[in-house]
């Protein structure tokens, strides 16, 4: 799931009406940006949902794999010895991890050369091209490269525009990002139901094509919304950035955050595996046939997205109630420890399902319980860890530190790409116990951080 990014305070663009409240009490531009981001996230999560199933059930079968231009060379160089599900898992891991690296380059392109709007438009065009290239088996690798580049140009260059819709000190800004985030979550829920169903039930290319059409729709809306959007950042191109000065107390904080990145990557493993080997297991073993009709496997992603969104709301409400009742509340690391416990509980649900099923199909009780507990864990780890990074980061490096935070997603997806390939060769119970162990590593590491570095990570740095 995507979390909102920290944005700098910039001068309010004159061409936007300062008191615009046409969209739910917010500027009309927020409605446009939320819809466009929803289209982009729909296209991305359509790929997330379909990619592994498409490769395992169609593209990487012996009669089709030879059609993919460049794959035989790539297998000899990078995927040596891999085939079938392990190969699909590795390709998926590389694709989803690179998606969290290229936005850094997209930010550089926007800030130094093209400007934010032109970079975003270029990203939308390249992403749309990538989705439509998925209709041709031979262009599969080029399609993935296009999608990785497109997301990199797009991601970040839209979120930064949300904050600039508001004057400095406008209290509506925090709620604006919540509305923006709701649009993202609606897309995550809808993508498996629409693109996933079309891909599995009608034809893989229909699912990918739908993602492309929705992305083109988002681009058209963005182009039509020009008057209601913030001014571009190209005017600042020639300005000299102020020299960054760090205090002595900043360095231990930055060091602690750097160590926390790989720990988060390991702790996220179960959550990121949902789009990889978990879907292959679900497609093969879950009881998805009801009254003679088999549900698309991709609908399990909708179950997860719905519970994740619900638990974010429930967990936030619970801690607000608990704090009002008791006058205290766990700090960020305390909540991340609690989240790790729930992640372990979720993983154990998959272990129980695998251990008790035998050769029979697995009912949905244990998988749904996995998504329930894992979603509670997600709500205690993902947004809380981002809040910790933005709180601890030196003010002059806040945006850079947020970029460093997303390297945890790069690491998590890269690990999942490797570990997910073990599904075909490992005992299923042991495979899911491994994921319980990854959550346990997070639990131990977060507890160690709290004991050893609690004071270092407490409080906030002085203003830059």
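Structure values in brief
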item	result
Flag if residue 146 is in the same structural domain as residue 217 (by TED's automatic domain parsing) and crowded, with 23+ Cβ neighbours inside 10 Å	no
Lone unmet requirement of (1) modelled with pLDDT under 90; (2) buried (at least 20 other Cβ atoms within 10 Å of the Cβ); (3) not in a helix (DSSP H, G or I) for residue 248	(2)
Some residue of region 271-285 being under 30 Å from residue 411 (Cβ atoms), in contact with a strand residue (DSSP E or B) (Cβ under 7 Å, 6 or more places away or on another chain) and at pLDDT below 95	yes
Residue match in region 98-107 (condition: under 26 Å from residue 200 (Cβ atoms) and either assigned to a loop (DSSP other than H, G, I, E, B) or not assigned by TED's automatic domain parsing to the domain that holds residue 412 (or both))	yes
Matching option when the condition is farther than 28 Å from residue 304 by Cβ and either crowded, with 21+ Cβ neighbours inside 10 Å or in the same structural domain as residue 275 (by TED's automatic domain parsing) (or both), among 129, 165	165
Any hit, region 361-370, residues being outside any helix (DSSP H, G or I), touching a helix residue (DSSP H, G or I) at 6+ places or on another chain (Cβ under 6 Å) and surrounded by fewer than 23 Cβ atoms within 10 Å (Cβ to Cβ)	yes
Residue list for region 404-437, restricted to those being part of a loop (DSSP other than H, G, I, E, B) and either touching a helix residue (DSSP H, G or I) at 6+ places or on another chain (Cβ under 6 Å) or farther than 24 Å from residue 83 by Cα (or both)	406
Residues of region 324-357 classified as touching a strand residue (DSSP E or B) at 6+ places or on another chain (Cβ under 6 Å) and within 15 Å of residue 269 (Cα to Cα), total	0
Residues satisfying the stated conditions in region 131-157, i.e. in a helix (DSSP H, G or I) and over 23 Å from residue 406 (Cα atoms)	131, 132, 133, 137, 138, 139, 140, 141, 142, 143
Cβ-Cβ under 9 Å pairs, at least 6 apart or on other chains, region 348-371 side over 19 Å from residue 438 (Cα atoms), far side assigned to a loop (DSSP other than H, G, I, E, B)	357/363; 360/287; 361/287; 361/288; 362/287; 363/287; 364/287; 364/288
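One line per residue, one yes/no per condition, for (1) surrounded by 14 or more Cβ atoms within 10 Å (Cβ to Cβ); (2) part of a helix (DSSP H, G or I); (3) at pLDDT below 85:
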| site | (1), (2), (3) |
| --- | --- |
| 311 | yes, yes, no |
| 315 | yes, yes, no |
| 321 | no, yes, no |
| 328 | no, no, no |
| 335 | yes, yes, no |
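The values are calculated or read from the model by the stated rules, or taken from the named source; none is laboratory data. All values derive from a computational prediction rather than experimental measurement. Note: ideal-geometry Cβ built from the backbone for every residue, glycine included; neighbour counts use all protein chains shown.
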